[in-house]
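Presented below is the structure to which this report refers.
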Amino acid sequence: MGYYVRVLSTSADCVSLSALQSTIKEDKLRATLSADQGVSDDWTQLILRHADDREIALIERNLVEEGSLGADELVEFADEIAECKPANAAKWLLNYFPGVRCIYAFQVLSGTYQKNGWEILGAVKNRIWSAAPSILQADNEGFSNEEGYHILWQFSDSVEGDWWMAVLHDGQWNPFRMDLGNRNQRESFFRGQIPNDAKLP
């Protein structure tokens, strides 16, 4: 099945191949991005590679329309997050999903873990994410809000490390940095609260 990172965009307009290639060039990243079926700005699948041809990611673009893969994915996400915490973040996402018009799915390949693969993947992902109001999703991690802060817990119980999070209060997202392995901080986040010892921006 593989590991996927996704951008859920509120725009159906395609972020062009040429724009994504320009991002790689501007950042002086030694990588190539190409369409499987020739060069096309209105693409459905791209392959991101290191300069030596090691594959970093397969990128698929799926419009959300009746009977589409994108629509099916949103239904699956809605089912998956129904019982996730914080509850008000899950509710926010369920209200957000109907406005999603396109899903960009990055299948992470072995080249991502070599050299600066994550940096290259991140540059392309962030260019797509910034093109229109969008949220992020990562398998076995959860979802972000439109600002990129993590808002829903789908991590494994053994997860550790610092992570930028946000909780929703009175219609506003409040960001902070927490230790994912800290049980007390987790419990506060699950309740939709900023942990007392969390780091604020």
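FYI, it's all coordinate maths here, none of it is from the lab. Treat the numbers as computed from the prediction; the structure is a model and nothing was measured. FYI the Cβ positions are ideal-geometry reconstructions off the backbone, even for glycines, and counts take in every protein chain you see.
Here r is the Cβ-Cβ distance between D72 and N196 and R0 is 45 Å; the resulting FRET efficiency, rounded to 0.05, is 0.65. Output the pairs from K28/K115; K28/K199; K28/K125 with a Cα-Cα distance over 23 Å in this structure; if there are none, say none. Over 23 Å apart, Cα to Cα: K28/K199. The value of relative contact order for the stretch 157-201, using C-alpha pairs under 8 Å at least six residues apart, is 36 percent.
Comparing Cα centroids, the stretch 1-74 and the stretch 91-130 end up 9 angstrom apart. Using the Cβ-Cβ distance between D170 and D139 with R0 set to 35 Å, the FRET efficiency works out to roughly 0.65. For the stretch 67-201, the normalised intensity computed at q = 0.16, 0.20 Å⁻¹ comes to -0.91, -1.32 (log10 of I(q)/I(0), Debye sum over alpha carbons, equal scatterers, no solvent).
In the chain, taking the dipole from charged Cβ atoms about the Cα centre, the farthest positive-side position among V100, W164, S68 is held by W164. Between V159 and D41, the simple label model (points 7 Å from Cα in the Cβ direction) yields a spacing of 3.8 nm.
For the chain, what does the helix formula give at 222 nm: sum of -39500 (n - 2.57) over DSSP H segments with n ≥ 4, over the residue count, nearest 500 deg cm²/dmol?
The helix contribution divided over the chain gives -8000 deg cm²/dmol.
Here the gap between D27 and R183, fully extended at 0.36 nm per residue and compared with their Cα-Cα distance, gives a gain of 52.3 nm. When only alpha carbons of the stretch 3-154 are considered, Rg and Dmax amount to 15.3, 46 Å.
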